[in-house]
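Working notes, structure below.
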Amino acid sequence: MNNTISPEKTSWMLVSPLAFILGLFLVLPILIIIMVSFWDYNEYNFFPAFISENYDYLLTSKVTLDTYLKTFKFMILVWFFCTFIGFTVAYFLAFHVRTLPMQIALFLLCTIPFWTSNIIRMISWIPFLGRNGIANSTLISAGIIDQPLEWLLFSDFAVVLAFVHLFSLFMVVPVFNTMMRIDKSLIEAARDAGASGFQILTNVIIPLSKPGIMIGSIFVVTLVMGDFITVRFMSGGQSTSVGRVISNEIGLLQYPAAAASAVVLLITVLIMITIMMRFVDIRKEL
């Protein structure tokens, strides 16, 4: 009697534990959110139903459009600055630091601020940017300004600054990982062919670094789009985002409306990630 297990059954047995975990902790919660998004609610409770009012209001409200535009504004600015900082830091570590121990040491140095809570790192900007904070006091002492700059804190500037501080490492790591895989002989060949440093950067390093930039972009985009606490604290309640709207709806016990907002946000982020993945095959980096 043949007791051997076929390769197909073996494959299913190997995949089934992971599929069960993903289904239980990823697919099932998303399905529950989608289901609740069609429920009805009042001031005190929410209850099963099948209505489309939650989506009707969400997709036709000018407030929703303004909120998404504000969130996209934050996302684009944060992505730009994180990409610039992440690429610059990764380029320095990969091509200007010659020894591996020094690369590791400097890379760990970049991660030190990220060993603390996001909330602590975010709040640390408040005494620095405040009206009587270090930044304004220094500028006034230097004679650069005559009175404190009000827009440094509790503004869109403060929100973007905090976002960049919080999420820049998510761009540094994948870009640095990609640059370390670049064959140095390609750079030497370009240099021997008479290419300038700028030409090597634009024609060799940047094209080969696109997978890392794209992976970092996915991290930054998803984190900014779903964040709510940074906008709340750093804007002083004067700005908003999609994540903050969802947080407010949950605080008001409007769970079906919050679920509908979460579904629309999820679809929006998935569309953005799909578009980004069409520009480069990031599976080579995974």
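No value in this document is a laboratory result; all are computed from the given coordinates. Quantities reported herein were computed from a predicted structural model and do not represent experimental measurements. We place every Cβ from the backbone using ideal geometry, glycine too, and count neighbours over all the protein chains shown.
Helix content alone sets the calculated 222 nm mean residue ellipticity of the chain: runs of n ≥ 4 DSSP H residues at -39500 (n - 2.57) each, divided across all residues, give -21500 deg cm²/dmol. Here the calculated FRET efficiency for residue 60 and residue 192, from their Cβ-Cβ distance with R0 = 51 Å, stands at 0.25, rounded to the nearest 0.05. Ranked for footprinting exposure by Cβ neighbours inside 10 Å, fewest first, 27, 36, 78 give 27, 36, 78. Specify the residue with the greatest mean-square fluctuation among 11, 155, 185, computed from a Gaussian network of the chain linking alpha-carbon atoms under 10 Å apart. Answer for the Gaussian network model of the chain: 11.
Please say if the chain is rounded, prolate or oblate, where rounded means a/c under 1.5 for a ≥ b ≥ c the square roots of the C-alpha gyration tensor eigenvalues, and otherwise the choice is prolate for a/b larger than b/c and oblate otherwise?
oblate
Quick check on the stretch 1-81: take the gyration tensor over C-alpha atoms, sort the square-rooted eigenvalues as a ≥ b ≥ c, and tell me if it's rounded (a/c under 1.5), prolate or oblate. Taking the square roots of the gyration eigenvalues as a ≥ b ≥ c, the stretch 1-81 is oblate. The stretch 60-77 and the stretch 116-135 have Cα centres spaced 26 Å apart. For the residues 22, 265, 59, a GNM of the chain with alpha-carbon springs under 10 Å puts the largest fluctuation on 22.
Taking the charge dipole of the stretch 1-108 about its Cα centre, with +1 at Lys and Arg Cβ atoms and -1 at Asp and Glu Cβ atoms, the residue from 42, 63, 93 reaching farthest to the positive side is 93.
Distances between placed amide hydrogens fall under 5 Å for residue 40 paired with 47, 49, all partners being 5 or more residues away or on another chain. Residues considered: 31, 77, 223. Largest GNM mean-square fluctuation over the chain, using C-alpha springs under 10 Å, is found at 31.
Summary of the geometry: the stretch 166-187 and the stretch 221-240, compared by the centres of their Cα atoms, lie 28 Å apart. For the chain, the tally of Lys pairs with Cα-Cα distances below 22 Å comes to 5, considering only residues 8 or more apart or on different chains.
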